Amino acid sequence: MVNWLLIFELLYLLVLIAVCVRIIYDTNSTIKTLAYLLLTIFLPLFGIFFYFAFGINYRKRELYSKKLINDEHLWDKVKQDIYAYSVQTYYNTAESARPNKQLAKYLSKEMSPLTSGNNASLLINGEEKFPAVLQALEEARDHIHIEYYIYENDKIGQIIQDILIRKAREGVTVRFIYDDFGSRKIRKNIAKTLRREGVEAYPFYKIRFIRLANHLNYRNHRKIIIIDGKKAFVGGINVSDKYINEHNSANKIFWRDTHLVMEGPGVFYLQYLFICDWNFCSG
């Protein structure tokens, strides 16, 4: 006669062991790990249900599960090549100009390669950033990649919109990512206009109920523009009139922020970041 109770107990034991291993492997906090283990072991079934209901951040997993390269062997080779390139760059740089060795090693292993031969200039406030951005957009011949956390439907936002539309009509590929919460004011105007006029525009992590989204943490705060894969802008200044101090003079507000324009191998990594986000947003 089959002892079903014994079989059930053995199966439950196997499931319990598997869940415990997952908790240990998947939970970063030591306190949370211990709490979930005790709950799972001493409250049968309920503890497992509680962990899978509240202990796993499914939203974060969904957000970061899509890598640029899905082939694991190719992904490992890319990481090895980036690390080797970073090491070579480090030792080919004059000793007096080398960055901190441990920091460079850590960043290269995190897929942030060390590069040399870049030209970079600081752009202080919107007064310096936006004229340089507008000129670079006008000079685009192959593609424009633009990604922003905050993009406002104001004067500078509309100027950039008009340039993007005009460049798309000239045959330049224009890809535009806007954060669906930070740039929520352009959802029904600029974003729609860009799509209608031939610009590929996608929101980052689309929000279904905007009024309930104040506490969502997984937003895209990047502020990136890449022109033809050769010139890039990155920094702290979003697309908004408030970053241009001549617009704030009437209110006696002075906005201080910094941006960077660069050319050289460092642009490739910004391109990589954009493509990762693009694949996630556009599918």
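The values are calculated or read from the model by the stated rules, or taken from the named source; none is laboratory data. Being a predicted model, the structure only gives us computed values, none of them experimental. All Cβ positions, even for glycine, are placed from backbone atoms using ideal geometry, and neighbour counts span all protein chains on display.
Which members of segment 46-65 meet the condition of being aliphatic (A, V, I, L, M) and modelled with pLDDT under 65?
Leu63
Can you name the number of the only condition in (1) modelled with pLDDT of 95 or more; (2) aromatic (Phe, Trp, Tyr); (3) part of a loop (DSSP other than H, G, I, E, B) that Tyr218 fails?
So Tyr218 meets the others, but not (1).
Say we look at segment 239-263 and pick out the residues that are touching a strand residue (DSSP E or B) at 6+ places or on another chain (Cβ under 6 Å) and surrounded by 15 or more Cβ atoms within 10 Å (Cβ to Cβ); which of these is nearest to Tyr151 (Cα to Cα)?
Val239
Which of (1) assigned to a helix (DSSP H, G or I); (2) closer than 25 Å to His259 by Cα is the odd one out, the single condition Thr193 does not satisfy?
(2)
Give, as residue ranges, the helices (runs of 4 or more DSSP H) completely inside segment 66-175 that count at least 2 residues that are not assigned by TED's automatic domain parsing to the domain that holds Ala191.
Correct list: 72-92, 101-109.
Identify all residues within segment 66-83 that are surrounded by 12 or more Cβ atoms within 10 Å (Cβ to Cβ) and modelled with pLDDT of 75 or more; write none if there are none.
Trp75, Lys77, Val78, Lys79, Ile82, Tyr83
Could you check segment 3-41 and list, in sequence order, the residues that are touching a helix residue (DSSP H, G or I) at 6+ places or on another chain (Cβ under 7 Å) and either not assigned by TED's automatic domain parsing to the domain that holds Phe52 or not in a helix (DSSP H, G or I) (or both)?
The answer is Thr27, and nothing else.
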